[in-house]
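Notes follow the structure.
Bear in mind that the values in this text are calculations on the coordinates, not laboratory data. All of these numbers come straight from a predicted model, not from anything done at the bench. Using ideal geometry, Cβ is built from the backbone for each residue, glycine included, and neighbour counts are taken over all protein chains shown.
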Amino acid sequence: KIARSEAGGEDALVGNVNKLMVTPRGYTGVPRKGHLVFDACFESGNLGRVDYISEFEFDLFIRPDTCNPRFRVWFNFTVENVRETQRVILNIVNFSKTKSLYREGMSPVVKSTSRPKWQRLPAKNVYYYRCPDHRRNYVMSFAFCFDREDDVYQFAYCYPYTYSRLQHYLDSLERRNLDYLQREQLGLSVQQRRLDLLTITSPGECPEKKLVVLTARVHPGESPASFVCQGVIDFLVSQHPVAQLLRDHVIFKIVPMLNPDGVYLGNYRCSLMGFDLNRHWQEPSLWAHPTLYAVKQLIVQLSQDPKVGLEFYIDVHAHSTMMNGFMYGNVFEEEERVQRQAVFPRLLCNNAADFSFSNTSFNRDMVKAGTGRRFLGGLLDDTSYCYTLEVSFYSYMAAGSTAPVPYTEDTYMKLGRNVARTFLDYYKHNHFIDENKELYDSLACSTASTHPWRKMRRTSMKLKIQFDVWREHVNWRILTIGTS
Ligand SMILES: [Zn+2]
């Protein structure tokens, strides 16, 4: 039985540092305040190793995804036993990706026990560069000043959204006893965690209901997807008139966490057994990919049910190199179907300032053939649409603005609410698309050439200058790096 606590159980220990006190090499004296204690043995935690470089500098290693060393992106750990005004540089030295939004100003998130709301570190304290000391891997360094001795500080790649948090949220929804909300256990993960399915629709028989299926967190490190998904759910169960109207005409089936083990374990991309579940839609195995197997079975079943018209499948992800919210869709031969497929993203673009139609693209790469979008795009009939909804780990550029706006937990959720209400726009208009040419014109919200986020420049080297503030206090080894 899995303990429902943020502290996690035995499973969360695998490969993570466990209350590790890092002292200078050869140090044999008593532990002192300022000998930092690193810990990642909690739910969604990830930190595999810490090397002492100097009093001011530590090399940190991400623990690779369980059973798959290729993926090293998500980190989430605590630091305690700090001295007041202690300044450090933490270097994350083993990222598996090179292209990163760190070049565009993204920074890790931080909170502490006395300031429990997550915030992003100032971009000027973050430096992303190729490091000769680490086989020219990309290293992300950030400077930080601890300010309260009794606080435990927590740092993460992005705002965490754990399995337990989802369970608490779903429990609280259930307690409201809404007659239009049903929660079921669709299956269990390899480690026996719940695969939850929500059905949201007005009770009673209605002859002509459309069906929308939404899934999230197939990639466990993509925590923004959970905030978006919660935004969708919050809106759909609300008393908002649009939500009421939608519930009368549409059945929403939502699987908020497709890969609960991966989320619990602090993986970035994979399941417990090291599978990227979003590459196994063609032939999921009941024992190796049980949650995917269950979701696929559900969707196939729904697609064959003559009583409901399965019209949308949307899989929510987060993107590590692009800005804004945007979508991936499929490629079709018939122009008319291509046009129809573009309608929902265009409508969403009207409703959400952070959603970019110009970043939205349609493809048929071989490498993505095992994704839900591609597989279901082939399976479902030509009146249905399958999309991947992506949202940036970092920020969005609203039309007309010049600076990127970093996403918060709230703005991720807001995107979810906007996705939900866009279904009404879609269903109001979808019968008139062919006749109403002006609808298309009025929806032309963005073009590839005119939007500012197209013009973003990479500025990683500029960050070097910002470190001068720290000159008196830190080991400046890193300043000599990355500028050649
Ligand atoms: Zn993803």
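For this structure, a couple of remarks:
- Taking θ as phi - 60° and the Karplus parameters 6.51, -1.76 and 1.60, the scalar couplings of the range 398-412 work out to 6, 3, x, 8, 10, 10, x, 9, x, 5, 10, 4, 5, 6, 5 Hz in sequence order, x denoting glycine and proline.
- Taking 1.306 mPa s as the viscosity and 10 °C as the temperature, the Stokes-Einstein diffusion coefficient of the chain based on its alpha-carbon Kirkwood radius rounds to 67 µm²/s.
- Assigned charges on the beta-carbon of Lys, Arg, Asp, Glu; the range 20-156 dipole about Cα centre (debye): 580 debye
- Loop GluC sites (Glu not before Pro), the range 326-431, which have at most 12 other Cβ atoms in a 10 Å radius of their Cβ (DSSP): Glu333, Glu334
- Summing +1 for each Lys or Arg and -1 for each Asp or Glu among the other residues whose beta-carbon sits under 11 angstrom from that of Phe375 gives +3.
- Amide H contacts of Ser392: His319, Asn324, Gly325, each under 5 Å away and 5 or more positions distant or on a separate chain (H built 1.01 Å from N in the peptide plane; Pro and chain starts excluded).
- Of all aspartates and glutamates in the structure, the ones whose alpha carbon falls short of 19 Å from that of Lys33, not counting any fewer than 8 places away in one chain, are Asp51, Glu55, Glu57, Glu80, Glu84, Asp147, Glu149, Asp150, Asp151.
- Radius of gyration (Cα atoms) of the range 235-284, expressed as a multiple of 2.2 N^0.38 Å: 1.68.
- Whole-Hz ³J(HN,Hα) from phi, Karplus 6.51 cos²θ - 1.76 cosθ + 1.60, for the range 325-331, glycine and proline x: x, 6, 10, 10, x, 9, 9
- A straight line joining the Cα centroids of the range 100-139 and the range 349-404 runs 26 Å.
- Local electrostatic count at Ala352 - Lys and Arg +1, Asp and Glu -1, tallied over other residues with Cβ under 11 Å: +2
- Dipole of the chain [Lys/Arg +1, Asp/Glu -1 at C-beta], most positive-end residue of Phe423, Val405, Ala288: Val405
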